[in-house]
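First comes the structure, then the notes that go with it.
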Amino acid sequence: MDTPDEKDLAALDNMVNRSTLSCRRLLTVALFLGVLFATFELSGWRDHFSRQFLHDQFLENRLSGVLIFVLLFALGNLIQIPGWIFLAAAVLALGRGWGGVVTYLAAAISSALTFLSIRLVGGDALRQLKNRHARRLLEELDGHPVRSVLSLRILFQTAPALNYALAMSGVGFRKYMLGTLLGLPLPIALYCLFFDFLARLLHLA
């Protein structure tokens with residue numbers, strides 16, 4: 001039978017191992033994102049993530065334009081490309097109605113792919129951290145996962161950092177996607193109205 005001291009040592013050893021594993025996973029995610037970013041920079045692919053390029057793709061062919069848009073949105077979300085670039089291009093080329101629909105579709109697919117890829121690399125690394133504030137946030141997420149994700153989407157939309165954090169938080173994919181799908185329509189609609197107004201004001205449409 002283990003003595004109290006042996007149990008304490010075993011618990012401490014387990015805590016240290018979990019913390020070490022969490023740090024390794026976080027470093028692996030950082031390395032993965034760094035390599036991905038460097039690849040896009042050095043290959044010149046980043047030049048395709050411009051509003052003008054996306055706008056031109058829609059004008060050349062609507063169907064292929066949508067497919068390219070969704071693909072670039074998903075990849076761009078991984079390498080820190082601001083989502084407003086994609087939304088602005090869609091609104092200017094397709095109008096605020098269809099532009100919003102296409103952006104919503106792309107944002108949902110992007111959020112799913114980012115979640116799956118980061119979860120594959122980093123697991124639930126954030127859940128292994130012993131930081132008091134992190135654990136408090138995770139408890140809130142565990143208590144109301146769909147509502148928490150929904151609120152975060154309304155505030156931060158598809159911000160890459162948010163996607164990374166949610167992917168490594170341990171939240172289930174189904175609840176993550178439900179909160180995402182419910183939370184994205186409002187901010188996307190507001191941004192569509194804003195970009196449509198700006199386009200008319202500056203005679204860009």
As an exercise: evaluate residue 194 against (1) surrounded by fewer than 19 Cβ atoms within 10 Å (Cβ to Cβ); (2) touching a residue at least 40 places away in the same chain (Cβ under 8 Å); (3) aromatic (Phe, Trp, Tyr) and give the number of the one condition it does not meet. (2)
Going by the structure shown, is residue 135 farther than 23 Å from residue 86 by Cβ and without any contact (Cβ under 8 Å) to a residue 12 or more places away in the chain? yes
Does residue 25 meet the test of being of a type in the set (D, E, K, R), modelled with pLDDT of 85 or more and over 30 Å from residue 192 (Cβ atoms)? yes
Just checking, how many residues over the range 27-74 are exposed (fewer than 15 other Cβ atoms within 10 Å of the Cβ) and in a loop (DSSP other than H, G, I, E, B)? 3
Only listed residue being modelled with pLDDT of 95 or more and charged (D, E, K, R), chosen from 132, 153: 153
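The values are calculated or read from the model by the stated rules, or taken from the named source; none is laboratory data. Remember, it's a predicted structure, so these values are computed and weren't measured experimentally. Here Cβ is always computed from backbone atoms with ideal geometry, including for glycine, and neighbour counts include all displayed protein chains.
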